[in-house]
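A.B. asks: Here you go, one structure.
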Amino acid sequence: MRSKTLVFAFVAALALGLAIGACGGDDGPGATSTGDGYTEVVRQMLQSVTTDTAPDQLVELTRVIIPAGKGIASHTHPGPQVAVIVEGTLTYSVQQGSVQVMRDSWSASPKPETIAAGGAVDLRPGDSLVETPGMVHTAQNSGSTPVVIYLSSLFPEGAPPSSPIE
């Protein structure tokens, strides 16, 4: 189990590093948002790998884009997932379980929060969270710009990245 945790921690750090790079560059006045042009929610695979240190597990790095006015229905994940918001404001609601949120995760003074079942929180660029297997949650972009999220996941090989809750 320790080796799975180390692999997951490494990939989570990589995802956070990518997110910092995505937010911190000098894009200039004509820069285009990484979420522009999408009309439906999309999960883009950036990289995936299996490793001997986490047998039968798949480590994934993905980007999720939620266009303005769109949302994600109630769902759960088969393994742990670390997310960082890089664009937009996401309203995140916990229906079952709890989620650990870190405000301003890449700042010198990050602020931890726990959101319990029945709670909701607005997540902004720089906020991150840790989702655990089996927790049920939804997400909504009520803003006028896309929400872009980078995710690092450790899932059983062959499992879908999420399962809807009826």
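The values are calculated or read from the model by the stated rules, or taken from the named source; none is laboratory data. What you are looking at is a predicted structure, and each value in this text was computed from that prediction instead of being measured. In this analysis, Cβ positions are derived from the backbone assuming ideal geometry, glycine residues included, and neighbour counts consider all displayed protein chains.
A.B. asks: So which residues in the range 100-134 are among the aliphatic types (A, V, I, L, M), assigned to a strand (DSSP E or B) and over 19 Å from Ser152 (Cβ atoms)?
C.D. replies: Ile115, Ala116, Ala120, Val121
A.B. asks: If I go through the range 12-70 residue by residue, how many of them are modelled with pLDDT under 80 and of a type outside the set (Val, Ile, Thr)?
C.D. replies: The qualifying residues number 20.
A.B. asks: Only one of these conditions is not met by Arg43: (1) in contact (Cβ under 8 Å) with a residue 60 or more places away in the chain; (2) part of a strand (DSSP E or B); (3) farther than 21 Å from Ile165 by Cβ. Which number is it?
C.D. replies: Among (1) in contact (Cβ under 8 Å) with a residue 60 or more places away in the chain; (2) part of a strand (DSSP E or B); (3) farther than 21 Å from Ile165 by Cβ, Arg43 violates only (3).
A.B. asks: Tally the residues that are part of a strand (DSSP E or B) and closer than 18 Å to Pro125 by Cα, restricting the search to the range 71-99.
C.D. replies: Total meeting the criteria: 13.
A.B. asks: From Ala68, Ala108, grab the single residue that is over 16 Å from Leu129 (Cα atoms) and free of Cβ contacts under 8 Å to residues at least 60 places away in the same chain.
C.D. replies: Ala108
A.B. asks: Taking the conditions exactly as written (closer than 17 Å to Glu40 by Cα and modelled with pLDDT of 95 or more), does Ile149 satisfy them or not?
C.D. replies: Taking the combined requirement at face value, the residue satisfies it.
A.B. asks: If you don't mind, there's one more thing I want to ask. So which residues in the range 135-159 are assigned to a loop (DSSP other than H, G, I, E, B) and not small (Gly, Ala, Ser), if there are any at all?
C.D. replies: Selection gives Met135, Asn141, Thr145, Pro146, Glu157.
A.B. asks: Based on this model, can you work out whether Ser93 counts as more than 20 Å from Leu154 (Cβ to Cβ) and more than 14 Å from the chain's Cα centre (by Cα)?
C.D. replies: Taking the combined requirement at face value, the residue does not satisfy it.
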